[in-house]
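The values are calculated or read from the model by the stated rules, or taken from the named source; none is laboratory data. Note that the structure is a prediction, hence the values are computed from the model and not measured. Neighbour counts are summed over all protein chains in view; Cβ atoms, including those assigned to glycine, are modelled from backbone coordinates with ideal geometry. What goes into the accessible areas is simple: the full protein's heavy atoms, side chains included, and nothing from ligands, DNA or RNA. Shrake-Rupley method; radii C 1.70, N 1.55, O 1.52, S 1.80 Å.
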Amino acid sequence: MSKIIPISIWPGGLINCFLIKGAQKHILVDTGIPNSEGRILRQLKQHNINAGDIDLIVVTHGHIDHFGSAAKLKDIFGASILAHKADERAYQSGLADVSTMKVNKPQWKLFRALVKDQRAKRFNQDILIEGEADYDLAPWGTNGKVIHTPGHTPGSLSVILENGEAIIMDMMASGILLGGVMFRSRIKHPPFHDDLIELKSSFEKVLAAKGELYYLGHGGPVSTKQVMDYYNKYLGTSPDKISINVKNK
């Protein structure tokens, strides 16, 4: 049975990516900021995974702390990259698409300004998901699927496994600062979301899968109850009552 293992890019859950460890084939979900490949390779080695053992890289969305090392790791692993077409502009330019980075609180404007010019090595996707199509991970040795969960960015993806585990990355966050250094059970918005109406629908899609444990890009993991608490606190009201500046470009 496949198992999700967190790979830490910054300590304390500040930035996470994940290994989906199968019986023979293995998948890496997200690749951290640029130049994270050494840190990722060392942690994979701790789990007895060599560079040639990773067959697929899933890039969940077009923010640079998630695709920053994808191109280099593709070369190191000899792996295929799967991503969604809606975030393709970021992957082909190597720059985060700041049009999707609508701040949840005013103080994140400065952070957005700092990251908007950071550049990663660009790449083309080998497997391109379009629209609402799901992608079956069985050929890659994992009982699960990749689904389209827009809202954080137009092309955001989540991974749902049959064992009740899921990777929902930046659909929500927990802890203080960017992630889970402390108070990992405290749910919160990540710094940015693109479209809260789409995000609400994506949460409904994820919750319909009846998972039990949800892994996040910043903080976590969290339970179904915590996911529901986030949904009810931030998304369960009419859009004009949600404390997020959706018009802020």
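Observations on the structure shown:
- Mean sequence separation of contacting Cα pairs (under 8 Å, at least six apart), scaled by the length of the range 51-151, corresponds to a relative contact order of 28 percent.
- Count, lysine Cα pairs under 23 Å in the range 1-146, 8 or more residues apart or across chains: 27
- Here's how it looks for residue 7: its modeled amide H is under 5 Å from those of 17, 18, 19, which are all 5 or more places away or on a different chain.
- Under 5 Å, built H, 5+ apart or other chain: amide partners of residue 173: 188
- Antiparallel bridge percentage (DSSP; both residues within the chain; nearest 5): 65
- Intensity falloff of the range 14-139 expressed as log10 I(q)/I(0), Debye formula with alpha-carbon point scatterers, at q = 0.12, 0.22, 0.23 Å⁻¹: -0.45, -1.29, -1.36
- Helical mean residue ellipticity (222 nm; -39500 (n - 2.57) per DSSP H run of 4+; nearest 500) of the chain: -6000 deg cm²/dmol
- Contour minus Cα-Cα distance for residue 212 and residue 99 (0.36 nm per residue): 37.4 nm
- Take the chain with all the other protein chains still there, run a 1.4 Å probe, and you get 43 Å² of accessible area per residue.
- Listed peptides 212-223, 194-205 by packing density, highest first (mean Cβ within 10 Å): 212-223, 194-205
- Highest average packing first - 33-43, 62-72, Cβ atoms within 10 Å: 62-72, 33-43
- Relative contact order [Cα under 8 Å, 6+ residues apart], the chain, whole percent: 19
- Computed Rg/Rh of the chain, alpha carbon atoms with Kirkwood Rh: 0.93
- Look at the dipole of the chain built from charges on Cβ: of 12, 137, 156, the Cα furthest out on the positive end belongs to 12.
- Approximate shape of the range 7-85 as ellipsoid semi-axes (Cα gyration tensor, √5λ), whole Å, largest first: 17, 15, 11
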